[in-house]
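To start, the structure under review is shown below, and the notes come after it.
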Amino acid sequence: MGERTKKLLKRTLTDQEVIKLYVKGKSTTEIGKCANVSSRYVRMVLHKHNVEMRSFESESIP
């Protein structure tokens with residue numbers, strides 16, 4: 001099993017699920033915890049699918 005395949009097995013959410021949570025208002029940090037990945041990885045997924053990113057300030061406001 002390749003290294004890339006091992007990493008994909010650890011992720012618990014699909015790209016579409018990540019996008020759905022982000023659009024609903026979840027922060028990249030919250031999504032990362034749910035998906036068992038880093039918030040940076042979540043941002044990479046969103047960027048890959050051309051999802052418009054919110055500003056960092058809006059993510060930190062409850």
> In the set 17, 59, which member is modelled with pLDDT under 95 and in a helix (DSSP H, G or I)?
Replying inline: 59
> When residues of the stretch 21-57 are filtered for being aliphatic (A, V, I, L, M), within 8 Å of the chain's Cα centre (by Cα) and open to solvent by 60 Å² or more (accessible area, probe 1.4 Å), how many remain?
Replying inline: 1
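The values are calculated or read from the model by the stated rules, or taken from the named source; none is laboratory data. Note that the structure is a prediction, hence the values are computed from the model and not measured. We work out accessible area using only protein heavy atoms, side chains counted, and drop any ligands, DNA or RNA first. Shrake-Rupley method; radii C 1.70, N 1.55, O 1.52, S 1.80 Å.
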